[in-house]
Amino acid sequence: MTLPLRVLSDHAYGPEPLNTCYWAETVPDWQLDCPPLQGETRAEVAVIGGGYTGLNAALNLAHAGVDVLLLESQFPGWGASGRNGGFCCLGGANLDNDALERAVGEQGRREWRQVERLAVAHVADLLTAEGIKADTHSDGETILAHSPRAMRGLESELASIRTDYGVDAQLHDRADLERLGMAGPYHGGLSIPIGFALNPRKYVLGLLRAAQGAGARIHGFSPVQRIGREKALFRLETAQGQVLAHKVIFATNGYGSEDLPPWMAGRFMPVQSSVLVTRPLSPDEIGQSGWTSSQMAYNTRNLLYYFRLMPCGRMMFGRRGGVLSSPQSDARTMADTRQHFERHFPSLAHVETPYGWHGFLSVNRSEIPFVGPVPDMPGAFAGFSYHGNGVAMGSYAGAILADLARDNTPTRTYPAVMQQSPRRYPLGRHRRMLLPLGYLAMSIKDNLG
Ligand SMILES: Cc1cc2nc3c(=O)[nH]c(=O)nc-3n(C[C@H](O)[C@H](O)[C@H](O)COP(=O)(O)OP(=O)(O)OC[C@H]3O[C@@H](n4cnc5c(N)ncnc54)[C@H](O)[C@@H]3O)c2cc1C
């Protein structure tokens, strides 16, 4: 059987990058509840990929009484959804307001900004409705200026935050940050009262249980290897089984491949992000670090740091970077991440970080997620590229995909800008070779202030 044309090295799809993932310690093993697909079966809708996008699609379809079956290569949450930083926050695109208006006009910009807010609310509502306990904390998010120029940038955003999101953001000078327990190498900051942090795997587990409870059939260890047509139906083949389905949803994001479906080739870029988690900090260590706040925070660097002091007393620290995926490059990336952590929190330089891992999110050339029908493939839909903000936006995208797969006009706001096919990157499957140049440019910009 032919294997899908993947973009990353085999190592990236294996267990090693996840070997020391803290989230795995915090939830019971649920993988056994998702047996591999065996034999031939039928479904109204087949979903490929068991992250936030796929599980939200499956949950919404099952709630609507649709016979839905989800196929996941490994186990639900194995991809970025079970290994991310847990920031359920605004975002999803890389475009500022000017670029958005050039692309889709003022109304289009407003719609997109509204959807960012709605996506966060979607997850909050889901946690409540499904009774998912996911160790939530943080009252919105705080953005920390890494330079005086970046602080001026934050100041200039104040008015647009009110217009875009209908809330009042708060500016902080250095003294204010210290008073709020957010001391550090910052030139000030900005808090936006939208969003919260969560344990990403507890959220996945809750979604899985909710989807199964609503009747969705979820199969782990069932990578889809080929898709063909059989009259009006799709035939999805895995190693041990086959599904005939009327509709199919592709929810593979950074772990997708070039031929599932072929239209996907070159339209997404897997980008690596890495995370460290410390041992529990003592109250003294927390005090000395200057960071006593439970706020989730990130800085204004293009190659940003994101971090939060979790309710369990451990600090989680993440950053973008890394181009290759191999045991050697993983070790280098983790060592680099540790160095960044020590530089950022010098008083914690002695603290062990027993957990460290990385994974792949997805960006695209349009710098905005795609959610919609796959062109020239009637009955097929896809959602991907949340630009590192898929906790909220991937979840929302999954709910929209469920509507589309039922031939319904989405009841949720569905901005036109998400419906445009992203352009292809050059270099085909080798497009990740474009990243080092991009990272270099970003890091020069960051160092210039
Ligand atoms: C380290 C890290 C930190 C991050 N931090 C944040 C954060 O704090 N906040 C935030 O909003 N976002 C964050 N992100 C991004 C966020 O995690 C993703 O945008 C989101 O999880 C995407 O969800 P998804 O369901 O679309 O894709 P994924 O969760 O990646 O799921 C895709 C799934 O598809 C499966 N798959 C692929 N091919 C096949 C196939 N052929 N057959 C069957 N299954 C297949 C994969 O195994 C995978 O499980 C982070 C990402 C990483 C890697």
Unmet criterion (only one of (1) part of a helix (DSSP H, G or I); (2) touching an Asp or Glu at 6+ places or on another chain (Cβ under 8 Å); (3) at pLDDT 95 or above) for V391: (2)
Unique residue being more than 15 Å from the ligand (Cβ to nearest atom) and within 22 Å of the chain's Cα centre (by Cα) when the list is T300, T333: T300
The range 159-205: number of residues that are outside any helix (DSSP H, G or I) and either under 17 Å from G86 (Cβ atoms) or not hydroxyl-bearing (S, T, Y) (or both): 26
Unique residue being modelled with pLDDT of 95 or more and more than 22 Å from P200 (Cα to Cα) when the list is P36, P4: P36
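Within the group L437, L401, which residue is loosely packed, with under 13 Cβ neighbours inside 10 Å and either away from the ligand (no atom under 15 Å from the Cβ) or in contact (Cβ under 8 Å) with a residue 40 or more places away in the chain (or both)?
L437
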Positions within the range 269-280 being buried (at least 21 other Cβ atoms within 10 Å of the Cβ) and either among the β-branched types (V, I, T) or more than 14 Å from the chain's Cα centre (by Cα) (or both), in sequence order: V271, V275, L276, V277, T278
Meets criteria (at pLDDT below 95 and open to solvent by less than 30 Å² (accessible area, probe 1.4 Å)) for R109: yes
Looking only at the range 362-373, and only at residues there that are part of a strand (DSSP E or B) and open to solvent by 10 Å² or more (accessible area, probe 1.4 Å), the one that is nearest to the ligand (Cβ to nearest atom): V363
Matching residues, the range 64-99, being hydroxyl-bearing (S, T, Y) and buried (at least 24 other Cβ atoms within 10 Å of the Cβ): S81
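Restricting to the range 378-388, and then to whatever is of a type outside the set (A, V, I, L, M) and assigned to a strand (DSSP E or B), can you tell me which residue is farthest from the ligand (Cβ to nearest atom)?
First, pick out the residues of the range 378-388 that are of a type outside the set (A, V, I, L, M): 378-379, 381, 383-388.
Keeping just the survivors that are assigned to a strand (DSSP E or B) gives 381, 383-384.
On the way: F381: 13, G383: 7, F384: 6 Å.
Looking at residues that are of a type outside the set (A, V, I, L, M) and assigned to a strand (DSSP E or B), I get F381.
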When residues of the range 39-68 are limited to those that are out of contact with any helix residue (DSSP H, G or I) (no Cβ under 8 Å at 6 or more places or on another chain) and within 15 Å of the ligand (Cβ to nearest atom), the one farthest from V248 (Cα to Cα): A43
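From the residues in the range 70-106 that are assigned to a strand (DSSP E or B) and in contact with a helix residue (DSSP H, G or I) (Cβ under 8 Å, 6 or more places away or on another chain), which one is farthest from the ligand (Cβ to nearest atom)? Give the derivation first.
Quick first cut of the range 70-106, residues assigned to a strand (DSSP E or B) only: 70-71, 87-88.
Then drop every residue that is not in contact with a helix residue (DSSP H, G or I) (Cβ under 8 Å, 6 or more places away or on another chain), which leaves 70, 87-88.
Values: L70: 9, F87: 3, C88: 6 Å.
So the residue we want is L70.
In this structure, is G359 open to solvent by less than 30 Å² (accessible area, probe 1.4 Å), in contact with a Phe, Trp or Tyr (Cβ under 7 Å, 6 or more places away or on another chain), within 13 Å of the ligand (Cβ to nearest atom) and closer than 26 Å to E16 by Cα? Give the derivation first.
On the way: open to solvent by less than 30 Å² (accessible area, probe 1.4 Å): yes; in contact with a Phe, Trp or Tyr (Cβ under 7 Å, 6 or more places away or on another chain): no; within 13 Å of the ligand (Cβ to nearest atom): yes; closer than 26 Å to E16 by Cα: yes.
No: the conditions fail for G359.
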Check on T41, among the polar types (S, T, N, Q) and open to solvent by less than 20 Å² (accessible area, probe 1.4 Å): no
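The values are calculated or read from the model by the stated rules, or taken from the named source; none is laboratory data. All figures in this text were calculated on a predicted structure; none of them were measured in a lab. Neighbour counts are summed over all protein chains in view; Cβ atoms, including those assigned to glycine, are modelled from backbone coordinates with ideal geometry. Areas reflect the complete protein model, heavy atoms only, side chains present, ligands, DNA and RNA absent. Shrake-Rupley method; radii C 1.70, N 1.55, O 1.52, S 1.80 Å.
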